[in-house]
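Participant: Okay, here's the structure, questions in a sec.
The values are calculated or read from the model by the stated rules, or taken from the named source; none is laboratory data. All figures in this text were calculated on a predicted structure; none of them were measured in a lab. All Cβ positions, glycine included, derive from the backbone under ideal geometry; neighbour counts span all protein chains shown. The protein model used for the area step is the full one, side chains on, heavy atoms only, and it has no ligands, DNA or RNA in it. Shrake-Rupley method; radii C 1.70, N 1.55, O 1.52, S 1.80 Å.
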Amino acid sequence: MTMTTIKTAWTALADPVRAWWAGLGRLPRMGVYALLIFGALLLPNDQIGSFMSPYSDWQGLLFFPIGGYILLAIGLNVVVGQAGLLDLGYVAFFAVGAYSMAVLGKIYHWDFWEIIAVGIAVTALSGVILGAPTLRLRGDYLAIVTLGFGEIVRITAQNTAAIGGPNGMNGIPHPPNLTTWAFPSAQPFSALGLSGLTPFKYAELDSRPYYYLMVLAIVLAIIFSKRLANSRVGRAWAAIREDEDAAELMGVPTFKFKLAAFAIGASIGGLAGVLYSTQTVSIIPDDFPFILSATILAAVVLGGSGNIPGVMLGAFLIAWVPERIRFLAEYRVLIFGAVLVLMMILRPEGLLPSRMRKAEFAEGTGGMGSMGGEVSTSKKTVGAGE
């Protein structure tokens, strides 16, 4: 079976699903969303875990890296997928959110819900601080600057004694327990295979309550990102992504919208950082390496940059597949890397690209402006409506 045959088979499978979804009305779509959320809530079931992750803790894996990668990918998709800006230092915002939770929760004893709001605001401000002096740059220059910003944040944390230096911070508080009034008994969850679960009682040994909190954060991030994509802001980002010079000539204030993309993407990354640190209880600067930024970027590109279901699929695969093939020992990373290379050859636009992004790739731009995402131009140009 040739690569062309595999690619054609995948397209033949995906296109009918895309057409079916496009033909659904608002109410049926809401029903599908509700079923998907319900299915996500059932994932911690031990029977599912015995197949999905027989070599590691499935509940813990669901929270992080799977849930964390998905939330981070949604945030990075705002910057890379919707605005077309290459950010190689996205892990910095994840770190800022995590340290916000650690400092405000442990040292100042703030309430968890207050810390979430402040953590999102602080990381959004970090995005503005990074973007304001650098967004005049484009392409690889912008990528280098953002990479440097990520390293600056990590090294600053490593050399700041007030936040633990290289030893990091421990004793980070858990979210407040809500189970006593919301679910006084765990009995209703036994029928779902989740016996013994109290979904709002947070403790170190049970990752499932944190996973449900992560699911809530992901749902809110999806709604927020989707509404932005369908708004004037999203249309401005699309214009900037396709041709920034043309957008500016047409009156789009490109700098303002690029700055907004950085701030919004950073705030979602900060939310992921807050949730991560409150579950792990202890963080160190080495928890936030450059490779994490590269991994999330790979998830966005693999899934289909600019398409939320696509980037979620990409993040899930990037997080889950290495754990599922853990039985291959030291060869698992080699095989996983080979699979990623193969997928980029077969589907350079991603597994689930949007129609607009698919058309951009067909035209040879890669849908990433002057970022260097160009691919070879096909003989037949695919229209946006195809």
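Participant: Could you compute the FRET efficiency for I152 and N177, with r as their C-beta to C-beta distance and R0 at 35 Å, rounded to 0.05?
Facilitator: Efficiency at R0 = 35 Å is approximately 0.40.
Participant: Report in % the part of the accessible area of the range 202-297 that belongs to carbon and sulfur, leaving out ligands and nucleic acids; probe 1.4 Å. Write out the running numbers ahead of the final one.
Facilitator: On the way: 2490 of 3960 Å².
Carbon and sulfur: 63 percent of the exposed surface of the range 202-297.
Participant: Subtract the Cα-Cα distance of N45 and S282 from 0.36 nm times their separation in residues, and report this length gain in nm to one decimal.
Facilitator: Here the answer is 82.6 nm.
Participant: Quick one: if you stick a label point 7 Å off each Cα along the C-beta vector at L24 and I107, how many nm between them?
Facilitator: With each label point 7 Å from Cα toward Cβ, the separation is 4.7 nm.
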